[in-house]
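In what follows, a structure is listed as C-alpha cells, so that the remarks can point back to it.
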Amino acid sequence: MMITDESRLARLDLNLLIVFMVLVRERSATRAAQCLNVRQPAISNSIKRLRAWFDDPLFINLGKNGMQPTRRTLEIAEMLQPAMSIIGEIAGKD
C-alpha cells in the first residue's frame, strides 16, 4: 500500500500508535500506563487524541472491568500489527 497523503500522516504523533497497540493488548489505561512507564493521565490524553484522529470512540470504558475495543479498533489493530512488528525488528537491530 502506498501512502498518498503524507501531509495528513505527518500530523499524527506516531507514538500514539504504540499507546494504541498497548491499549488493545492490555484493555486498561492503568495497565497501559504501567507498561509504557507513563502516568495514567497521559494515556487518557492519548486516547482522546486517537479518538479524534480515527473519528471513532475506539474503546468503551467498562469501569473496573477495563476497556472494550470497538470493532473499528480491532480492525485498525489487525492492520497495524505487521507494521509494528517490522518496526520493532528494525529498532532492535544494532
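Throughout, read-outs are computed from the coordinates displayed, never taken from laboratory work. Worth saying up front: this structure is predicted, and the values here are computed from it rather than measured. Heads up, the Cβs are rebuilt from the backbone with ideal geometry, glycines too, and the neighbour counts pull from every protein chain shown.
Between rounded, prolate and oblate, where does the range 1-41 land on the alpha carbon gyration tensor, with a ≥ b ≥ c its root eigenvalues, rounded for a/c under 1.5, else prolate if a/b exceeds b/c? Verdict is prolate for the range 1-41.
Work out, step by step, the length gained on full extension between Asp56 and Arg39: first 0.36 nm times the residue separation, then minus their alpha carbon distance; give nm to one decimal. Length difference between fully extended and current span is 3.8 nm.
Normalised by residue count, the chain yields a Cα convex hull volume of 116 Å³ per residue.
Measuring r between the beta carbons of Lys64 and Asn15 and using R0 = 35 Å, the FRET efficiency lands at 0.80.
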